[in-house]
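Each remark here refers to the structure printed beneath this line.
The values are calculated or read from the model by the stated rules, or taken from the named source; none is laboratory data. This is a predicted model, so every value here is computed, not measured. All Cβ positions, even for glycine, are placed from backbone atoms using ideal geometry, and neighbour counts span all protein chains on display. Note: accessible area is taken over every heavy atom of the protein model, side chains too, but ligands, DNA and RNA are not part of it. Shrake-Rupley method; radii C 1.70, N 1.55, O 1.52, S 1.80 Å.
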Amino acid sequence: MLTSPPEVPPPITRQYPTKVIVNLEAHEQTSRLADGVDYTFWTFGGTVPGSFIRVRQGDVVEFHLANHPSSRNPHNIDLHAVTGPGGGASASLVIPGQTATFTFEALNPGLYVYHCATSPVGMHIANGMYGLILVEPKGGLPAVDREYYVQQGEFYTRGDFGVTGHQPFDMQRAIDEDPAYVVFNGSAGALMGEKALTAEVGETVRLFVGNGGPNLVSSFHVIGEIFDRVYTEGGTKSINENVQTTLIPAGGAAIVEFKLETTGNYILVDHSIFRAFNKGAIGTLTVGGTPDSGVYSGRQYEGIYQPEGGAMQRMPTSDSPAPAAARNRAEQITMGERVYAQNCAACHQPAGTGLAGAFPPLAASDYLNADVKRAIGVVLHGLSGPVTVNGAQYNSLMPALALGDEDVANVLTYVYSQWGNNGTRVTPDQVKTVRAAGGRRVNMDAH
Ligand SMILES: [Cu+2]
């Protein structure tokens with residue numbers, strides 16, 4: 001039985017080795033790499049990473065590799081779990097419309113990468129031809145509540161991250177090791193929003209994490225969790241405990257396990273952190289159930305920090321001294337532009353484009369244009385939890401910004417006047433009304 005990421009076939013319960021038949025198909029296809037960005041992926045089984053293969057130590061694996069007739073290239077497979085020349089590569093080389101068979105014995109237990117090894121090898125891997133095969137040790141792995149399949153890989157496109165349209169592979173960027181995308185499971189946002197991994201408080205989770213490369217080494221980390229156990233490099237003896245970040249080489253893997261003590265969103269990243277926030281190497285594990293405030297309290301207090309006076313205040317209210325007031329819409333826009341540059345641009349980007357998978361766009365935002373009171377509320381109180389903007393889901397957090405009524409009115413008037421938005425003018429009085437109505441951020445920690 002093969003599964004598509006992030007699913008993993010069920011644990012093997014039989015106590016004896018057997019003959020296992022694997023049918024895998026190489027298939028070239030165009031699909032989404034990021035919002036508005038298409039790429040022609042070369043796949044094993046129609047997904048990146050390819051289908052997850054699960055066998056037991058001692059099994060004899062009869063491997064059938066087929067190459068779909070619509071392919072333009074020959075393909076083969078090198079499984080790191082194979083003992084034998086090329087890991088099966090030359091035995092499995094198939095032109096479009098052909099199939100080949102070879103057999104190997106799974107001698108060594110562990111989690112192994114497989115990949116295409118047809119020349120130019122780097123290009124076949126860069127186009128998505130990699131996956132994982134687990135060889136369970138005799139007796140199996142300890143039982144856990146959930147298992148997931150995550151594999152990192154980079155994409156070398158002609159256009160930089162987020163440049164829309166169909167993006168061709170760029171060989172020079174690949175040689176320079178300068179990817180536009182670093183992602184989990186084949187596309188930016190593959191594990192975000194509705195596609196987040198899920199679990200419940202009290203459960204144990206095992207992630208089979210691979211790195212297809214082709215070039216980069218992953219510093220795999222889950223924000224807000226500690227790996228109770230790491231099977232370093234996917235091996236069976238080197239079990240490390242209480243690990244924050246584990247290194248996963250290109251063409252390597254690791255198994256990480258942890259128990260979930262409390263609720264919330266836990267963020268999978270490559271802690272080479274610009275890859276996470278600027279190139280797509282970010283995913284979510286959403287944990288439901290009953291929060292344990294002893295393990296983690298969530299935010300307990302929010303106030304203004306004033307080093308000089310040392311006194312804590314509440315958020316500024318409309319009573320706090322207001323900056324010089326704008327006299328008309330044009331002045332509001334000029335002042336709002338400055339507020340935007342200082343308070344919003346870092347996340348929503350200078351031209352309001354946002355960042356795929358992390359920060360929603362303000363440019364031509366249907367969410368923004370639909371409801372001005374709601375937009376005022378977002379700036380006053382922050383926003384968290386799932387939100388859909390121009391058809392894309394975000395499930396992240398915008399902090400409450402300590403801005404006075406004038407600043408909020410000006411920045412929103414500026415934003416509404418830019419980038420294809422509907423030109424709404426927001427007055428300080430409107431902000432005052434929304435502020436007086438109260439309300440607070442929906443807190444993800446749900447305490
Ligand atoms: Cu290939």
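Kindly indicate whether Glu194 is at pLDDT below 95 and either closer than 18 Å to Leu134 by Cβ or surrounded by fewer than 18 Cβ atoms within 10 Å (Cβ to Cβ) (or both).
Criteria met by Glu194.
Which of the residues that make up segment 170-227 are over 27 Å from Arg158 (Cβ atoms), assigned to a loop (DSSP other than H, G, I, E, B) and among the aliphatic types (A, V, I, L, M)?
Ala196, Val201, Ile226
Which condition from (1) within 15 Å of the ligand (Cβ to nearest atom); (2) under 28 Å from Leu355 (Cα atoms); (3) more than 20 Å from the chain's Cα centre (by Cα) is the one that Asp170 breaks?
(1)
Here's a check for you: in segment 134-167, which residue that is closer than 19 Å to His27 by Cα and more than 18 Å from the chain's Cα centre (by Cα) is least open to solvent (accessible area, probe 1.4 Å)?
The residue in question is Gln167.
Only one of (1) more than 23 Å from the chain's Cα centre (by Cα); (2) surrounded by 15 or more Cβ atoms within 10 Å (Cβ to Cβ); (3) in a loop (DSSP other than H, G, I, E, B) fails for Val411. Which number is that?
Evaluating Val411 over (1) more than 23 Å from the chain's Cα centre (by Cα); (2) surrounded by 15 or more Cβ atoms within 10 Å (Cβ to Cβ); (3) in a loop (DSSP other than H, G, I, E, B) leaves (3) as the failure.
Hey, Gly234 hits all of (1) of a type outside the set (Phe, Trp, Tyr); (2) modelled with pLDDT of 95 or more; (3) closer than 23 Å to Ser4 by Cβ but one; which does it fall short on?
In the conditions (1) of a type outside the set (Phe, Trp, Tyr); (2) modelled with pLDDT of 95 or more; (3) closer than 23 Å to Ser4 by Cβ, Gly234 misses (2) alone.
For segment 119-133, which residues satisfy the criterion of being near the ligand (Cβ under 10 Å from one of its atoms), surrounded by fewer than 24 Cβ atoms within 10 Å (Cβ to Cβ) and not in a loop (DSSP other than H, G, I, E, B)?
Result: Val121, Met123, His124.
Within segment 319-374, can you find the residues that are part of a loop (DSSP other than H, G, I, E, B), out of contact with any Ser or Thr (no Cβ under 9 Å at 6 or more places or on another chain) and at pLDDT 95 or above?
Correct list: Ala364, Ser365, Asp371.
Since Glu203 meets every condition but one in (1) without any contact (Cβ under 8 Å) to a residue 40 or more places away in the chain; (2) within 30 Å of Gln393 (Cβ to Cβ); (3) charged (D, E, K, R), which condition does it not meet?
Failing condition for Glu203: (1).
Among the listed residues Ile12, Ile21, Ile53, Ile77, identify the single one that is in contact with a helix residue (DSSP H, G or I) (Cβ under 9 Å, 6 or more places away or on another chain) and either open to solvent by less than 30 Å² (accessible area, probe 1.4 Å) or of a type outside the set (Lys, Arg) (or both).
Result: Ile77 is the single residue among Ile12, Ile21, Ile53, Ile77 that is in contact with a helix residue (DSSP H, G or I) (Cβ under 9 Å, 6 or more places away or on another chain) and either open to solvent by less than 30 Å² (accessible area, probe 1.4 Å) or of a type outside the set (Lys, Arg) (or both).
If I ask for residues that are without any contact (Cβ under 8 Å) to a residue 24 or more places away in the chain and either in contact with a Phe, Trp or Tyr (Cβ under 7 Å, 6 or more places away or on another chain) or open to solvent by 60 Å² or more (accessible area, probe 1.4 Å) (or both), which ones from segment 212-237 would you list?
Glu233, Lys237
Can you tell me which of (1) out of contact with any helix residue (DSSP H, G or I) (no Cβ under 7 Å at 6 or more places or on another chain); (2) in a helix (DSSP H, G or I); (3) open to solvent by 40 Å² or more (accessible area, probe 1.4 Å) is the one Leu397 doesn't meet?
All conditions pass for Leu397, except number (2).
Residue by residue, here is whether (1) polar (S, T, N, Q); (2) under 22 Å from Phe184 (Cβ atoms) holds:
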residue: Val339; (1), (2): no, no
residue: Leu355; (1), (2): no, yes
residue: Leu362; (1), (2): no, no
residue: Leu380; (1), (2): no, no
residue: Met398; (1), (2): no, no
residue: Asn410; (1), (2): yes, no
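Only one of (1) open to solvent by 40 Å² or more (accessible area, probe 1.4 Å); (2) touching a helix residue (DSSP H, G or I) at 6+ places or on another chain (Cβ under 8 Å) fails for Ser70. Which number is that?
Result: Ser70 fails condition (2) only.
What are the residues in segment 242-258 that are farther than 14 Å from Thr204 by Cβ and not hydroxyl-bearing (Ser, Thr, Tyr), if any?
Once the filter is applied, which keeps residues that are farther than 14 Å from Thr204 by Cβ and not hydroxyl-bearing (Ser, Thr, Tyr), segment 242-258 yields Asn242, Val243, Gln244, Leu247, Ile248, Pro249, Ala250, Gly251, Gly252, Ala253, Ala254.
Looking at (1) surrounded by fewer than 18 Cβ atoms within 10 Å (Cβ to Cβ); (2) over 30 Å from Ala174 (Cα atoms), which is the one condition that is false for Phe274?
For Phe274, the exception is condition (2).
Which numbered condition trips up Arg206, out of (1) open to solvent by less than 10 Å² (accessible area, probe 1.4 Å); (2) of a type outside the set (Ser, Thr, Tyr); (3) within 16 Å of the ligand (Cβ to nearest atom)?
Among (1) open to solvent by less than 10 Å² (accessible area, probe 1.4 Å); (2) of a type outside the set (Ser, Thr, Tyr); (3) within 16 Å of the ligand (Cβ to nearest atom), the lone unmet condition for Arg206 is (3).
Among the candidates Ala351, Ala370, single out the residue that is of a type in the set (A, V, I, L, M, F, W, C), within 29 Å of Val163 (Cα to Cα) and more than 27 Å from the chain's Cα centre (by Cα).
Just a single option satisfies the conditions, and that option is Ala370.
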